[in-house]
Amino acid sequence: SIVEGFLAEGANIVIADCSNADDAAKELDKSGDRVVGVSCDVSSQSDTEQMAKTALDKFGRIDVLVNNAGINMNKKIETLELVDWDNVFNINLRSMYILCKQFWSVFKAQKFGVIINMSSIMGRAGGVGDEQGGGPGRNLGVGGLVGAEDAVHRGGAARVGEKLRLVTDEAAGRSVEQ
């Protein structure tokens, strides 16, 4: 997993999850010294502010933000309710914006930061609400992520300081470094 890879490299970790962050943290780090779980709705600005505060209070700095939250409503457009669409949008796209914005000031003050935005290949390759996992909401998330990341990059990455890296996974077919 992503967390295990970072742990193997010696990183301290804050896991944010809406339901089982503490359990996951305890499973990965019995001592509680290197992994902290934070209950967090990533589409909530106040929750992400608390998550950042927890990370800074516990570890003193934040070097990497991994945006890996994502959901899918495997429905065709005729059965996809607006509340479903909003939920996918909020988790898959709005959260990326909120978290990038939230951590931007930290990275700027540190003159360093890495943002890794994860997305799913199913947003590009999946069907429209079929058994393969595609659907209108997922496609919005991946397409919006790519566009929003371009805006973040062009809007200030070069002004953050020594180096800010914005990386998307290969599923989106893009990688940007500034």
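The values are calculated or read from the model by the stated rules, or taken from the named source; none is laboratory data. Predicted model, so just to flag it, every value in this text is computed and none were measured. Every residue, glycine as well, gets a Cβ built from its backbone with ideal geometry; the counts of neighbours run over all protein chains shown. All accessible areas refer to the heavy atoms of the entire protein, side chains included, with ligands and DNA or RNA removed. Shrake-Rupley method; radii C 1.70, N 1.55, O 1.52, S 1.80 Å.
Descriptive notes on the structure:
- For the stretch 1-97, the per residue solvent-accessible surface stands at 60 Å², with DNA, RNA and ligands left out and a 1.4 Å probe.
- In this rough spin-label picture, where each label sits 7 Å from Cα along the Cβ direction, the residue 49-residue 63 distance is 2.9 nm.
- Amide H contacts for residue 35 (H built 1.01 Å from N in the peptide plane; partners 5 or more residues away or on another chain; cut-off under 5 Å): 13.
- Inter-site label distance for residue 9 and residue 39 at 7 Å from Cα along Cβ, in nm: 3.1
- Amide hydrogen neighbours beyond the local backbone of residue 113, cut-off 5 Å, H modeled: 163, 165
- Three-way shape label, the stretch 32-93, alpha-carbon gyration tensor, a/c 1.5: prolate
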